[in-house]
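Engineer: Structure below; questions to follow.
Just so it is clear, none of the values below were taken in a lab; they were calculated from the coordinates. Note that the structure is predicted; figures quoted are calculated from it, not measured. Every residue, glycine among them, receives a Cβ derived from its backbone with ideal geometry; neighbour counts consider all protein chains shown.
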Amino acid sequence: MTTTTPQARTELLRADGSPVRVLVVDDEASLTELMSMALRYEGWQIRSAGDGAGAVRVARAFRPDAVVLDMMLPDMDGLSLLGRLRRELPDVPVLFLTAKDAVEDRIAGLTAGGDDYVTKPFSLEEVVARLRGLIRRAGAADKRSESTLVVGDLTLDEDSHEVTRGGDSIHLTATEFELLRYLMRNPRRVLSKAQILDRVWNYDFGGQANVVELYISYLRRKIDAGREPMIHTRRGAGYLIKPAAAPAAAPAAPTPAPAATPS
């Protein structure tokens, strides 16, 4: 399995706006951990199980939008587990993990109702790409999320290039838009100046990190001016964007004392 660095992508969301849920079923703990990390990078909620019985229990409570399922498990084979999962979740898409040369496994999995497969060793990027395709085709994801990024009350439409905060339209230059898009594709994640230069400017400025500081200041004037800040600096590390903190509630006005009654 190759572990290429995942590239930032538009976040998939459920129709109700909550993160997509994926169940990973494999008895190789190290593989499951790596795969779960890659899928969490996409902003998805992940649960895992190391055997078939555990997978059924987790699926029943977690209600995943997709399942990654190894063909070989310690207590049952993947095809038997697929049948049990489909009784709980009739429409959930399933991506099988199969041995490299097990052509018969791939055919059996697809014939039994599996939706797709990857062979070991595999690329984490390939698993993510195939899952995204399965989730979109199954209709589990909000179609709007394919072009819209949302962090708190800040919204960016990648198709129309419209940006709003709290319903107010914000005009950005092309470079400001690309910088904001990169930050919003990685909410709550600290991005270094080098990462930002590589993604937004492709080192066209010769690695001059001060251009990052300059454009961050431009964004702050447009995004954060007069509002609770969303763009934050982590000294020595980089920058991140996250939902604004809720303003503190105003203290309640003291209850006036009752007027004295004349004696």
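Engineer: Whose amide H sits under 5 Å from the amide H of Ser48, counting only residues 5 or more places off or on another chain, with H placed in the peptide plane?
Structural biologist: Amide H neighbours of Ser48: Val24.
Engineer: ³J(HN,Hα) across segment 55-67 via Karplus (A = 6.51, B = -1.76, C = 1.60, θ = phi - 60°), whole Hz, x for Gly/Pro?
Structural biologist: 3J(HN,Hα) across segment 55-67, in whole Hz: 4, 5, 4, 5, 4, 5, 8, 8, 6, x, 8, 7, 10.
Engineer: Nearest 5 is fine: what % of DSSP beta bridges in segment 147-241 come out antiparallel, could you say?
Structural biologist: So the antiparallel bridges in segment 147-241 amount to around 100 percent.
Engineer: Still on this structure, I have one more. Tell me which residues come under 5 Å, amide H to amide H, from Ser123 once H is placed; ignore anything under 5 positions away on its chain.
Structural biologist: Thr2
Engineer: Going by Cα centres, segment 176-199 and segment 9-51 are how many Å apart?
Structural biologist: Using only Cα atoms to place each centre, the spacing works out to 23 Å.
Engineer: Tabulate in residue order the Karplus-calculated ³J(HN,Hα) for segment 83-92, using 6.51 cos²θ - 1.76 cosθ + 1.60 with θ = phi - 60°, rounded to whole Hz; enter x for Gly and Pro.
Structural biologist: Residue by residue, segment 83-92 yields x, 5, 5, 5, 5, 7, 9, x, 10, 5 Hz.
Engineer: If you don't mind, there's one more thing I want to ask. Among 132-139, 20-27, how do they line up by average Cβ neighbours within 10 Å per residue, starting with the highest?
Structural biologist: Per-residue mean Cβ counts within 10 Å order the peptides as 20-27, 132-139.
Engineer: Apply the Karplus parameterisation 6.51 cos²θ - 1.76 cosθ + 1.60, with θ equal to phi minus 60°, to every residue of segment 236-244 and state each ³J(HN,Hα) to the nearest whole Hz, in sequence, with x for glycine and proline.
Structural biologist: Per residue, the Karplus-derived 3J(HN,Hα) values read x, 10, x, 10, 8, 10, 8, x, 5 Hz.
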